[in-house]
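S.K.: Structure below; questions to follow.
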Amino acid sequence: MVRASALKPSSKFFMRKHRKWPVSPYNTRWHQIFNQNQAFQSLKKSSPPPENQPHLLLPTLVYSFSTYNVDPTPEAYHFVLKTLTKTSQFDHIAPVLRRLETVEKFDTPEHIFAHLIGFYGRWNRTQDAIDLFYRILRFRCVPSAHSLNALLYVLCGSCEGLKLVPEILLRSHVMGIRLEESSFRILIDALCAIGKVGYAIDIMNCMMNNGYGLNVKICSLILSSMCEQKDSEGVDVMGFLGEMQKLGFCPGMMDYSNVIRFMVKQGRGLDALNVVIKMKGEGIKPDVICYTMVLHGVITEGDFKKADQVFDELLVLGLVPDVYTYNVYINGLCKQNKVESGLMMISSMEELGCKPNLITYNILLKALCNNGELRRARELMREMTLNGVGVNLQTHRIMLDGLFGKGDIEEACVFMEEMLDKVLVRFCSSFDEVIYGLCHRGLACKAMELLKKMIDKNVAPGAKAWEALLLSSGSEPSLEETTWTGLVEPMVALP
DNA sequence: GTAGGGTTAG
């Protein structure tokens, strides 16, 4: 057969001129569509405000189309349903669906159901969403993964919903729906989000058994979820990675940084270093973040020689260490008791245009305090303020622990009072130490004074402070009954 | 199309 469009313009003209039966201008498909459009426009124009008169929407639809003597279109129904969902008119949805199901003859487009299922989900009406899904066939609609996915999104939003998934999947099979990659993806996402990585792997395997190829994003997601497992004992990340690589997975920078972080968290710094070696072998240049994590891991393992090698290597590769890298490195120096070298790093960093931050200073302050060099610690604290780096609770705690550790209890008390006046703090175990120390030196009165101040400032004393005070109260005649009740009452109100 | 991911202490 020759299509009209394939004919020459002159022949088309000929056919129109010599048609055997003239076509009625009122009965064409074109005319019907025109009328339906007119009816739809009139529905849109005259539709009542859904907030006040939602019950009038459906009659308006029926009226608009009957005026133009045409059947209502799926778009008109979708318009009415969208209007109702926008204003959350749950009760008025059912009659519209009923008419759509029993009166209309057209095949209802699936997207109408996907939209409604999503709407029910957003309002936690899971059962409504499920019921509608089961009803889809009755609307002369062949459901696909589109509406199934809409329902899966709803179910994956809650633990109770997730439990219903197996039943829904079986039912979908009966309904003739073919699971798509996107459906598997939704399930895997949900399982990873609740930490059920084992099940997520099962689903991925099931997906590949269904003829789908390896999906890089799903692989990465499962790998990163494995790395985030709280109970990481026995989690074989490298084993999984190897298996996936055999199947053609090419891990990227983020995959490897997840693995490195996992190793370092487990205290396996040298394994993390091996990951970097593996990366280089695969032609991926690890970035400064990977190196910083590995440096941290190696230092935690106490292998300072390796740490220096790692630091040199990153420089050779042309990577620019940033404040994180320097902090890790300086921390390593301090662990080796090379505080002077650490302090010198501050100047080198500044020369290289990398400003030391609060953490840099806290690391060095702690090292100085641990060495009993309180005077230099105070100097450094002044210096950091001058450099525009603010102190935090941790800074104060380091100083207080330093003063207390050096046995300078009087200084410690002064410092603690300063903290209570200046620093917003809810709890600080160092305060307990000071109170404990005072009690053990027979200075229970001073201890009591500080405790009162703590309670005034809404700072909760810990068990150690209370215990020390109770034990020393017997030998201290100055602690009267009223003092105790005065202390205990506000304590009850503490968080 | 890109970003994401890393540091003290408790």
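S.K.: Any idea what % of Cα-Cα pairs in the stretch A:240-310 are farther than 16 Å?
M.R.: Counting pairs separated by more than 16 Å, the tail of P(r) holds 43 percent.
S.K.: Which whole-number percentage describes the relative contact order of chain A, with Cα contacts under 8 Å and a sequence gap of 6 or more?
M.R.: 5
S.K.: Under the rule of -39500 (n - 2.57) per DSSP H run of 4 or more residues, summed and divided by the residues of chain A, what mean residue ellipticity at 222 nm is obtained, to the nearest 500 deg cm²/dmol?
M.R.: Per the formula, -21500 deg cm²/dmol.
S.K.: Same structure, new question: Quick one: check the C-alpha center-to-center distance for the stretch A:80-136 versus the stretch A:398-421, whole angstrom.
M.R.: When both Cα centres are located, 67 Å separates them.
S.K.: Express the carbon and sulfur contribution to the solvent-accessible surface of the stretch A:347-453 as a percent, rounded to the nearest whole number, probe 1.4 angstrom.
M.R.: 51
S.K.: Moving on. Whole number in Å², please: accessible area per residue of chain A, 1.4 Å probe, ligands, DNA and RNA not counted.
M.R.: With all protein chains present, chain A gives 55 Å² per residue.
S.K.: If I require 27 Å or longer along the helix axis, counting alpha carbons, and a Kyte-Doolittle average no lower than 1.6, what helices from chain A are left? Use full DSSP H segments.
M.R.: Correct list, ordered by number: empty.
S.K.: What lysines sit close enough to A:LYS457 to cross-link, taking a C-alpha to C-alpha distance under 30 Å and skipping anything fewer than 8 places away on the same chain?
M.R.: Candidates past the 8-residue exclusion: A:LYS366, A:LYS406, A:LYS422, A:LYS446.
S.K.: A further question on this structure: Based on the alpha carbon coordinates of chain A, what radius of gyration and maximum Cα-Cα distance (Dmax) apply, in Å?
M.R.: So, for chain A, Rg and Dmax equal 36.4, 125 Å respectively.
S.K.: Now a separate question. Could you pull out every one of the aspartates and glutamates with an alpha carbon less than 20 Å from that of A:LYS306, ignoring same-chain neighbours closer than 8 positions?
M.R.: Those aspartates and glutamates meeting the cut-off are A:ASP271, A:ASP287, A:ASP322.
S.K.: At q = 0.12, 0.16, 0.18, 0.21 Å⁻¹, what base-10 log of I(q)/I(0) does the Debye formula yield for the stretch A:36-121 when every alpha carbon is treated as an equal point scatterer in vacuo?
M.R.: -0.31, -0.57, -0.72, -1.00
S.K.: Would you work out the charge dipole size for chain A about its Cα centre, treating the Cβ of every Lys and Arg as +1 and the Cβ of every Asp and Glu as -1, and quote it to the nearest 20 debye?
M.R.: That gives a dipole near 3860 debye.
The values are calculated or read from the model by the stated rules, or taken from the named source; none is laboratory data. Owing to the predicted nature of the structure, the values given are computational and were not obtained by experimental measurement. Positions of Cβ are backbone-derived with ideal geometry, glycine not excepted, and every protein chain shown enters the neighbour counts. For accessibility, only protein heavy atoms count, side chains too; no ligands or nucleic acids. Shrake-Rupley method; radii C 1.70, N 1.55, O 1.52, S 1.80 Å.
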